[in-house]
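A.B. asks: Have a look at this one.
Every number in this text was worked out from the coordinates using simple rules, so none of it is lab data. Quick caveat, the model's predicted, so the values are computed rather than measured. Reconstructed Cβ throughout: ideal geometry from the backbone, glycine too, with neighbour counts over all protein chains shown.
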Amino acid sequence: MDILEAIDKRHSVRSYTDRRIEGEVKNKLEKFLAVISGESGLNMQLVTDEPKAFGGVMAHYGKFKGVKNYITVVGKKSPSLQETAGYYGEKAVLYAQTLGLNTCWVALTYSKGKTPCEIKDGEKLCVVIAVGYGETQGRPHKSKPVEKVAVINADSPEWFKKGVEAALLAPTAMNQQKFLFSEKNGVVSAKAKRGFYSKMDLGIVKYHFETGAGKENFEWA
């Protein structure tokens, strides 16, 4: 499964089986997290066989079940942290999908104080990503029409349209899809509208857009 296939097949999953993440799958995921942490300056960690972070009332409110494994997205405090966390966190999400794992972004409905991860001076825990073997493969979310999230006209290149279509398959907080893409002469602008965690969402959808459009076809504004 390549990343484009992962984008199509990946859906949020909140209920997980007891099957452990181990062996080659665990090793590959940990190595991947180390690589993208090095690229981004983030401190992403895989926590396994740990039920406490999702054992309280907040997880119940979020309708999570059986979550014992998750990725913690930790980074240095900065104005760009949320977008960076979204971009590289989604890289991890889609890579996990290629390994046969399921995932779900979790911003609030877990216990931060019971989340065992390394947080260095000047860093903060931005978000966690539940990961494991889902009871189901999830189901597709509803998407806005293309014209609600992008400026499309008769001259818009095909790669731009494919990028927007991939962006619409991205997970966003409360499925709000509050972003806007535009393109001129091969330069693409992506903006976050006002919304809950919309800056993190922007990072997520930008990675989807790049994958769908092909990074060789454009540059970011």
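A.B. asks: Which far-off residues, 5 or more places away or on another chain, put their amide H under 5 Å from the one on VAL13, with H placed in the peptide plane?
C.D. replies: Residues meeting the criterion, in which the H sits 1.01 Å from N, are THR103, CYS104.
A.B. asks: Here's another thing I want to ask about it. Each label point is 7 Å from the Cα along the Cα-to-Cβ direction; what then is the distance between the points at ARG139 and VAL47, in nm?
C.D. replies: Between ARG139 and VAL47, the label points sit 3.0 nm apart.
A.B. asks: To continue, here is another question. Projected onto the charge dipole of the range 34-134 (+1 at Lys/Arg Cβ, -1 at Asp/Glu Cβ, origin at the Cα centre), which of VAL106, TYR95, THR72 gives the Cα projection farthest towards the positive end?
C.D. replies: Final value for the positive-end residue is VAL106.
A.B. asks: A follow-up question, please. Using a simple charge model, +1 on the beta-carbon of Lys and Arg, -1 on the beta-carbon of Asp and Glu, nothing else, what dipole does the range 99-143 show about its Cα centre, in debye to the nearest 20?
C.D. replies: It comes to approximately 200 debye.
A.B. asks: Restricted to Cα positions, what overall size does the range 44-120 have along the principal axes? Three whole-Å values, descending.
C.D. replies: Between the extreme Cα coordinates on each principal axis of the range 44-120 lie 31, 29, 21 Å.
A.B. asks: Got a sec? Which residues in the range 143-185 would a label at PHE196 touch, if it sits 7 Å along Cα→Cβ and we count backbone N under 13 Å?
C.D. replies: Only 172-178 pass the distance filter.
A.B. asks: For the range 186-201, take each phi angle, set θ = phi - 60°, evaluate the Karplus expression 6.51 cos²θ - 1.76 cosθ + 1.60, and give the result in whole Hz per residue in order, putting x for glycine and proline.
C.D. replies: Couplings: x, 10, 10, 10, 10, 10, 8, 7, 5, x, 5, 6, 5, 5, 5, 4 Hz.
A.B. asks: With both partners inside the range 1-135, how many of the DSSP beta bridges are antiparallel, as a percent to the nearest 5?
C.D. replies: Bridges in the range 1-135 are about 90 percent antiparallel.
A.B. asks: Right, another one. Which parts of the range 1-43 would a label at ILE152 reach, counting a residue when its backbone N lies under 18 Å from a point 7 Å out along Cα-to-Cβ?
C.D. replies: Only 8 fall inside the zone, counting backbone N under 18 Å.
A.B. asks: In addition: Return the Cα extents of the chain along principal axes one, two and three, sorted largest first, each rounded to a whole Å.
C.D. replies: Computed over the chain, the largest-to-smallest principal extents equal 52, 39, 33 Å.
A.B. asks: Placing unit charges on C-beta atoms (Lys and Arg positive, Asp and Glu negative, everything else neutral), compute the dipole magnitude of the chain about its Cα centre in debye, rounded to 20.
C.D. replies: 880 debye
A.B. asks: Right, something else. Go through the range 210-216 residue by residue and turn each phi into a ³J(HN,Hα) via Karplus (6.51, -1.76, 1.60, θ = phi - 60°); whole Hz please, and just put x for glycine and proline.
C.D. replies: Result, rounded to whole Hz: 4, 5, x, 7, x, 4, 6.
A.B. asks: Also: In the range 172-221, which chymotrypsin sites (Phe, Trp or Tyr not before Pro) are in a loop and have at most 14 other Cβ atoms within 10 Å, using DSSP for the loop call? Can you show the working numbers first?
C.D. replies: Numbers: sites: PHE179, PHE181, PHE196, TYR197, TYR207, PHE209, PHE218, TRP220; in loops: PHE196, TYR197, PHE218.
Passing sites in the range 172-221 are PHE196.
A.B. asks: Projected area of the range 114-221, taken from the Cα convex hull and averaged over every viewing direction, in nm²? It would help to have the intermediate numbers written out before the result.
C.D. replies: Values: hull surface 37.6 nm².
Averaging across all directions leaves 9.4 nm² for the Cα convex hull.
A.B. asks: Identify the GluC sites (Glu not before Pro) of the range 3-111 meeting these criteria: DSSP loop state and at most 15 other C-beta atoms within 10 Å of the C-beta.
C.D. replies: Qualifying residues, ordered by number: GLU22.
A.B. asks: Using modelled amide H (1.01 Å from N, peptide plane; none on Pro or chain starts), what sits under 5 Å from the amide H of VAL188, excluding residues fewer than 5 places away?
C.D. replies: Excluding prolines and chain starts, which carry no amide H, the hits are GLU219, TRP220, ALA221.
A.B. asks: When the helices in the chain are scored as -39500 (n - 2.57) per DSSP H run of 4 or longer and the sum is shared across all residues, what 222 nm value do you end up with, to the nearest 500 deg cm²/dmol?
C.D. replies: -11000 deg cm²/dmol
A.B. asks: For a quick check of your reading of the filter: which trypsin sites (Lys or Arg not before Pro) in the range 14-56 sit in a DSSP loop and have no more than 15 other Cβ atoms within 10 Å?
C.D. replies: Values: sites: ARG14, ARG19, ARG20, LYS26, LYS28, LYS31, LYS52; in loops: ARG14, ARG19, ARG20.
Passing sites in the range 14-56 are ARG19, ARG20.
A.B. asks: At ARG19 and LYS63, where each label point lies 7 Å from the Cα along Cα→Cβ, what is the point-to-point distance in nanometres?
C.D. replies: 2.3 nm
A.B. asks: Give a residue-ordered list of calculated ³J(HN,Hα) values for the range 24-30 (Karplus: 6.51 cos²θ - 1.76 cosθ + 1.60, θ = phi - 60°; whole Hz; x for Gly, Pro).
C.D. replies: 4, 4, 5, 4, 5, 5, 5
A.B. asks: Express the relative contact order of the chain as a whole percentage, based on alpha carbon pairs under 8 Å and six or more residues apart in sequence.
C.D. replies: About 25 percent, as a whole number.
A.B. asks: Follow-up question, since we're still on this one. Sorted from largest down, what three extents in whole angstroms do the Cα atoms of the range 146-197 have along their principal axes?
C.D. replies: Result for the range 146-197: principal-axis Cα extents of 32, 18, 15 Å.
A.B. asks: Here's a follow-up. Within the set LYS77/LYS206; LYS76/LYS161; LYS65/LYS199, which residue pairs have Cα atoms separated by over 25 Å?
C.D. replies: Checking Cα-Cα distances, LYS76/LYS161; LYS65/LYS199 exceed 25 Å.
A.B. asks: Give the long-range amide H neighbours of LYS193: residues separated by 5 or more places, or on another chain, with amide H under 5 Å away, using H modelled in the peptide plane at 1.01 Å from N.
C.D. replies: Amide H neighbours of LYS193: PHE179, LEU180.
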